[in-house]
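The structure appears below as structure tokens.
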Amino acid sequence: MDIAVIGTGYVGLVTGACLAELGHRVVCMDRDKEKISLLNNGVIPIYEKGLDELVARNVAAGRLRFTDRMIEAIRGAEAVFLAVGTPTAADGGAELSMIFEAAEQIAMVMESPLILIQKSTCPVGTSVEIERRVAAVLAKRGVQIPFHVVVNPEFLREGTAVTDFMQPDRVVIGADTAEVGERVAMLYEKIVPKERILLMDRASAEMTKYAANAFLATKISFINEIANLCELVGADIESVRRGIGTDTRIGPAFLAAGIGYGGSCFPKDVKALIKTGKDAGYQLRILESVDEVNRQQRIRQVEKVIQHFGGSLEGKRIAVWGLAFKPGTDDMREAPAIDVIHCLLREGAEVVAYDPIAMPQAQRVLDQRVRYASDALSCVDGADAVLLLTEWPEFLGLDLHLVAQKMATPVLFDFRNGFSPNRAYEAGLTYIGVGRKTKVSLKPITEPITSTK
Ligand SMILES: NC(=O)C1=CN([C@@H]2O[C@H](COP(=O)(O)OP(=O)(O)OC[C@H]3O[C@@H](n4cnc5c(N)ncnc54)[C@H](O)[C@@H]3O)[C@@H](O)[C@H]2O)C=CC1
Ligand SMILES: O=C(O)[C@H]1O[C@H](OP(=O)(O)OP(=O)(O)OC[C@H]2O[C@@H](n3ccc(=O)[nH]c3=O)[C@H](O)[C@@H]2O)[C@H](O)[C@@H](O)[C@@H]1O
């Protein structure tokens, strides 16, 4: 099929490259000329495992092209994916101006029948509004061109985006007729069995995406609340996590306690769903708490650091391991590190940070006073404490004896529960995790779980 993808960010670029890999002819379009120029010069603007080879292979095979011109993107296309951003608006809802603008730009130049596929995460009713706007532009142009708007939300995660796209648990397709839904389903036939392609109405597909992200965010805030309680009553969250995660009705995924969720989606999608509820006259109490618990979780961890140093961080050198919102990505959107570092600086600390991949992105958003180290060990040189904020494997494999030796005072705040407390103690570090016993006298009975899936 000839396909256009509008918006060449994390989702658009992965979608375009993967569809090309499946044999389709794909044109990826973005209004950001710099991004398109990089891509046309073989440079991938984001860090995502496996994406560079995938893009290079499909460009070389002539199945994947990039443009900043809408008319060029949709010429000859049968289907157009809309994968532009839908960030948080001032009222907490989803900012839809970019997706409406893209749809209207398509309507202004389309010459033949099209299926518009809403890949971006958008509140219930957006597909109907897109339909209305496209029809209005076509009417203004005085042309009659058949088109459909189909909802096909994306469930990939950054860091594993290519494999998530190529091996999805399921594909959700919301369409107003079974026939158009089936046509979009054909795009996924090679990667997912038919019974896992879920055809439904458009409103339900739009809601499914928000419900999925909101549920995963709820699991995280839930386990963080239990972890906070563990700290107060002397239980260990890693044991509890194992104890509940082995119940098949609960499952082990998304139960890693820590500093809370960040990223471009959970925070914004939870807020947007709360706003959808408000607009419909329904208060989503659970999700309001999920959002609030997540906000507090960052503050709570900084308070632990302040408390450890007797109420002030004035003149303390704090090392920060990890800046991206999770390992495997350079994405700094809503990264806990932003808030944590802001608070540390406000309290008078000197901050030295290191992230194996995200430092160039971080430098754009963090305070100029932050200093950057060239590796994980030099980051802790002379530090009064080190904070693990992103559980990159590179940190977890460090020799903690060496770490302790380099520090002025050997204190490890493990805000991702990436290390074994006993390993840290044996290396001479004071260990403070999230929901972990501050002193573990027994041999470790649980190993830290670093995978979040
Ligand atoms: N990042 C992720 O892991 C996931 C994101 N999503 C959803 O996918 C959507 C896109 O997210 P990301 O890829 O992260 O966003 P992004 O911000 O990385 O990329 C969006 C791109 O759209 C471009 N754009 C905006 N308006 C445009 C227009 N009128 N014409 C052409 N290009 C335009 C921007 O220049 C940007 O390059 C959002 O709705 C998000 O919630 C869904 C699943 C996963
Ligand atoms: O809509 C989206 O954008 C995507 O949002 C998330 O993907 P992503 O944000 O890339 O990353 P996750 O692996 O879900 O992690 C999100 C945040 O939760 C945190 N997390 C995750 C799991 C866990 O157990 N504990 C925990 O604190 C991570 O550190 C990270 O900050 C979802 O997992 C995807 O299915 C979805 O498509």
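So here's what we get for this one:
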{"item": "Kirkwood Rh and Cα Rg combined as Rg/Rh, the stretch 306-434", "result": "0.93"}
{"item": "Helix axis angle, 126-141 relative to the chain longest principal axis, alpha carbon, degrees", "result": "40"}
{"item": "The stretch 213-432: proportion of alpha-carbon pairs further apart than 21 angstrom, %", "result": "55"}
{"item": "Helix-only mean residue ellipticity at 222 nm for the chain, each DSSP H run of n ≥ 4 adding -39500 (n - 2.57), per residue, nearest 500", "result": "-13000 deg cm²/dmol"}
{"item": "Net dipole in debye of the chain [+1 Lys, Arg Cβ; -1 Asp, Glu Cβ; about Cα centre; nearest 20]", "result": "280"}
{"item": "Ser420, Ser378, Ser120 arranged by Cβ crowding within 10 Å, fewest neighbours leading", "result": "Ser378, Ser420, Ser120"}
{"item": "Rounded tilt (10° steps) of 285-308 against the dominant C-alpha axis of the chain", "result": "30"}
{"item": "For Ala94, distant residues with modelled amide H under 5 Å away", "result": "Ala89"}
{"item": "Percentage of interatomic Cα-Cα distances in the stretch 167-267 larger than 22 Å", "result": "49"}
{"item": "Coil-residue GluC sites (Glu not before Pro) of the stretch 289-321, DSSP, other Cβ within 10 Å capped at 11", "result": "Glu314"}
{"item": "For the stretch 2-200, diffusion coefficient by Stokes-Einstein and Kirkwood Rh (Cα), 20 °C, 1.002 mPa s, µm²/s", "result": "126"}
{"item": "For the chain, with +1 on Lys and Arg beta carbons and -1 on Asp and Glu, the positive-most of Thr160, Ile226, Leu398 along the dipole", "result": "Ile226"}
{"item": "For Val172, distant residues with modelled amide H under 5 Å away", "result": "Leu198"}
{"item": "14 Å Cα-Cα reach of Lys271 towards aspartates and glutamates, excluding residues that sit fewer than 8 places from it in its own chain", "result": "Asp91, Glu95, Asp279, Glu288, Asp291, Glu292, Glu334"}
{"item": "Set of lysines near Lys278 by C-alpha distance (under 16 Å), chain-local residues within fewer than 8 positions excluded", "result": "Lys268"}
{"item": "Largest-first ellipsoid semi-axes for the chain, taking √(5λ) over the Cα gyration tensor eigenvalues, angstrom", "result": "43, 23, 20"}
{"item": "Which of Tyr425, Tyr354 has the fewest Cβ neighbours within 10 Å, and the rest in rising order", "result": "Tyr425, Tyr354"}
{"item": "Phe100, Phe415, Phe395 arranged by Cβ crowding within 10 Å, fewest neighbours leading", "result": "Phe100, Phe395, Phe415"}
{"item": "Spatially proximal aspartates and glutamates relative to Lys437 (Cα-Cα < 19 Å; intrachain offsets below 8 disregarded)", "result": "Glu225, Glu231, Asp236, Glu238, Glu303, Asp414, Glu426, Glu447"}
{"item": "Under the Karplus curve 6.51 cos²θ - 1.76 cosθ + 1.60, θ = phi - 60°, whole-Hz ³J(HN,Hα) for the stretch 345-354, x wherever Gly or Pro sits", "result": "5, 4, 7, x, 6, 9, 10, 10, 10, 8"}
{"item": "Helix 266-279 vs. the chain, principal-axis angle (Cα, 0 to 90°, nearest 10)", "result": "60"}
{"item": "Farthest toward positive dipole pole in the chain [+1 Lys/Arg, -1 Asp/Glu at C-beta], among Val290, Ile244, Ile173", "result": "Ile244"}
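All of the numbers you see were taken from the coordinates with simple rules; none came from a lab. Note that the structure is a prediction, hence the values are computed from the model and not measured. FYI the Cβ positions are ideal-geometry reconstructions off the backbone, even for glycines, and counts take in every protein chain you see.
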